[in-house]
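Bear in mind these aren't lab numbers, they're just calculated from the coordinates by the rules spelled out. This is a predicted model, so every value here is computed, not measured. Backbone-built Cβ (ideal geometry, glycine too); neighbour counts: all protein chains shown.
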Amino acid sequence: QVQLVESGGGLVQAGGSLRLSCAASGSIFRINVMGWYRQAPGKQRELVAAITNGGRTNYADSVKGRFTISRDNAKNMVYLEMSSLKPEDTAVYYCYIDFTGRTYWGQGTQVTVSS
């Protein structure tokens, strides 16, 4: 059984920084893609950032230059460094992995940016 557990969310003032972490556990190896989505109240879930096993990254235009995604393949972990946070970054952030043709999700962690 695959489990994803996020940590690092919280309340921060605009302009501040947060680091999200996600640990994947279970019978997994050589995870293809790891990444983060977010969902704000009343909005659809959107891709924030993703990183392949080879280190190729993809970012939403709204976070380019402010967020950095990284992963530790040995530990099956993915991170999201968020800086210059804006109130519009407020959302529940979900970690995900693509593994053996399936997508697995974490339970989500709340990020709130106050103005």
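Brief remarks follow.
- Result for the chain in a Gaussian network model with C-alpha springs under 10 Å: among Gly35, Gly55, Gly26, the largest mean-square fluctuation is at Gly26.
- Residue of Tyr93, Tyr104, Tyr79 that the Gaussian network model of the chain assigns the largest fluctuation, springs spanning Cα pairs under 10 Å: Tyr104
- The base-10 log of I(q)/I(0) for the range 67-114, evaluated at q = 0.13, 0.28, 0.29 Å⁻¹, reads -0.38, -1.15, -1.18 [Debye formula, identical scatterers on Cα atoms, solvent excluded].
- Were the residues from Ser27 through Ser70 laid out at 0.36 nm apart, the gain over their Cα-Cα distance would be 13.3 nm.
- The chain, dipole about Cα centre (Lys/Arg Cβ +1, Asp/Glu Cβ -1), debye to the nearest 20: 160 debye
- Beta bridges by DSSP in the chain, antiparallel share as percent, to the nearest 5: 90 percent
- Segment Ala60-Thr100, extension gain: residue separation times 0.36 nm, minus the distance between their alpha carbons: 11.9 nm
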